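Note sheet for the following structure.
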Amino acid sequence: MASAQFLKIGITCYPSVGGSGILASILGEELARRGHEVHFISYGRPFRMPAEAPRVYFHPVEINDYELFKYPDYTLPLSVKMAEVTREHGLDLLHVHYAVPHATAAILARDMLPTDLQPKVVTTLHGTDTTLLGRDPGYGPAIRHALSCSDAVTTVSNFLRRETIRVLKVERPIEVIYNFFEPKEPKRSREAVRKALGLGDEVLLLHASNLRPVKRIDLLLETMTKIVTPVPFKLLVMAGGDFAPFLPEVQRLGLENRIIVRENVTEIEDYLQAADVGLFTSEMESFCLSLLEAMCFGCPSVSTAVGGIPEVAVHEESGLLYPFGDADALAAGAKRLIEEPASRSRLGGAAKARAKQLFSADAIVPQYEALYRRVCGSR
Ligand code: GMT
């Protein structure tokens, strides 16, 4: 068990490209930087987990594909690994990101251990664990149970807190701790990156997402077809996944010369600094980490005003927000920012200041530390 000042923290998340895994990775990195010991427990090394940082460890979960099982099981081996790591390293708490199946596994791990070794369990909901799976009768009751057995539950926006109470009928307290982003120094200059992308003086729009259906790439492409301006512009899609399935539609719409795709980029800062305007067309976002990442580089976004997005950027102040599905309005907003460098710089400057004030590591990580210390009580 850790000293009162520094804690031993297990973090479980999905290691693949996705907002919850990214947030969990950067949180782990920041906690270790502040002196805590951080143990990532997952089936793979989280995508943005720091390579060789002090006080950061990774414990892989082995998954067996027993013949008897039609579907491989992850929840039980995960819970066994969580219990094992807790016992061996004296973890104070398990912080799980995304409820399914991580919160259930953590509760089980805690129950497997003798009372004096039991870790506290903190569950952070990120979005579709409430907005999609929470509504599924095959998952909802299990999520609700895991939340009621957690020592603390957080959501990444007020929107998601309200939805969790409404959808899952949760009666226990839920704390909102916003996502954060701490940009690293870009490795290349803006000019070098733009040159490598084949750009001249085009205004560069940026869309970054994992391309899941909720991101509504169809609406993104439709919006692109509606931006009519004499100012040259292109769209860079930073795809967390395979963009190939969208290429036929890109061609059908005649957008092949307007769109540049980069898949599974790790040095995102290089590209963020090269972008001028973000473009996000999701039908649901509990927060939208990609929008925040753009804000950190003074890049204002044109976005749908869904879910928690209005808590991240404020319309006409630090971004432009329009109703979901309104491709005409989104295109008009993008056209305005393409044509008006002064508006870009005003909204971008405010976006950067807002990101620093509300969504930086210094603003957010102490909130998690305070929560951990509270649930760990006198430890
Ligand atoms: O992609 C993920 O890892 C999780 C995903 C989801 O669907 O739950 O993303 C959510 O978590 C991100 C980090 O907190 C948020 O920025 C995203 O807005 C949120 N996605 C949705 O709500 C659709």
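No value in this document is a laboratory result; all are computed from the given coordinates. Bear in mind the structure is a predicted one, so any value in this text is a computation, not a measurement. A quick note on method: Cβ atoms are made from the backbone with ideal geometry, for glycine too, and the neighbour counts reach across all protein chains shown.
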| Which shape class applies to region 258-306: rounded if a/c is under 1.5, otherwise prolate when a/b exceeds b/c and oblate if not, where a ≥ b ≥ c are the square roots of the Cα gyration tensor eigenvalues? | prolate
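Answer rounded, prolate or oblate for region 190-358, using the Cα gyration tensor with square roots of eigenvalues a ≥ b ≥ c: rounded when a/c is under 1.5, else prolate when a/b is larger than b/c, else oblate.
Numbers: a/c = 1.27, a/b = 1.15, b/c = 1.11.
Verdict is rounded for region 190-358.
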| remark: Restricting to lysines and to Cα separations under 18 Å from Lys187, and discarding same-chain partners fewer than 8 apart, the set is Lys195
| note | Length gained, Asp242-Ala370, 0.36 nm per residue minus C-alpha separation, equals 42.2 nm
| Can you give me the Cα centroid spacing of region 328-370 and region 147-217 in angstrom? | 13
| Say each of Glu52 and Met112 gets a label point 7 Å from the Cα, pointing the same way as Cα to Cβ; how far apart are those two points in nm? | 3.2
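Taking neighbour counts of Cβ atoms within 10 Å as a proxy for exposure, in what order, fewest first, do Glu171, Glu269 appear?
Listed from fewest to most nearby Cβ atoms, that is Glu171, Glu269.
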| said: Which lysines, if any, have their Cα less than 18 Å from the Cα of Lys8, not counting same-chain residues under 8 positions apart? | reply: Lys81, Lys120
| field | Angle in degrees between helix 140-149 and the longest Cα principal axis of the chain, rounded to the nearest 10 | value | 60
| note | Rounded to the nearest 10 degrees, the helix 327-339 long axis (Cα) sits at an angle to the longest Cα principal axis of the chain of 70
| said: Which residue fluctuates most in the GNM of the chain (Cα springs below 10 Å): Lys120, Lys335, Lys169? | reply: Lys169
| task | At 0.36 nm per residue, minus the direct Cα-Cα distance, what do Glu191 and Ala363 gain on full extension? Give it in nm, one decimal, please. | result | 58.8 nm
| task | Would you mind ranking Met112, Met224 so that the residue whose beta carbon has the fewest other beta carbons within 10 Å leads the list? | result | Met112, Met224
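Before rounding to the nearest 500, sum -39500 (n - 2.57) across all DSSP H runs of length at least 4 in the chain and divide by the residue total; then give [θ] at 222 nm in deg cm²/dmol.
-12000 deg cm²/dmol
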| said: On C-alpha positions alone, give me the angle between the axis of helix 361-376 and the longest principal axis of the chain, in degrees, nearest 10. | reply: 20
| query | What shape does the chain take by its C-alpha gyration tensor, where a ≥ b ≥ c are the square roots of the eigenvalues and a/c under 1.5 counts as rounded, a/b above b/c as prolate, and the rest as oblate? | reply | prolate
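Going by how many other beta carbons lie within 10 Å of each one, how would you line up Ser209, Ser25, fewest first?
Ser25, Ser209
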| Most mobile of Ile309, Ile259, Ile11 per a Gaussian network model of the chain (Cα springs, under 10 Å)? | Ile259
| Under a straight-distance cross-link criterion of Cα-Cα below 25 Å, which lysines are reachable from Lys226, leaving out those fewer than 8 residues away in the same chain? | Lys215, Lys234, Lys335
| field | Computed magnitude of the charge dipole of the chain (debye, nearest 20; Cβ of K, R +1, Cβ of D, E -1) | value | 520
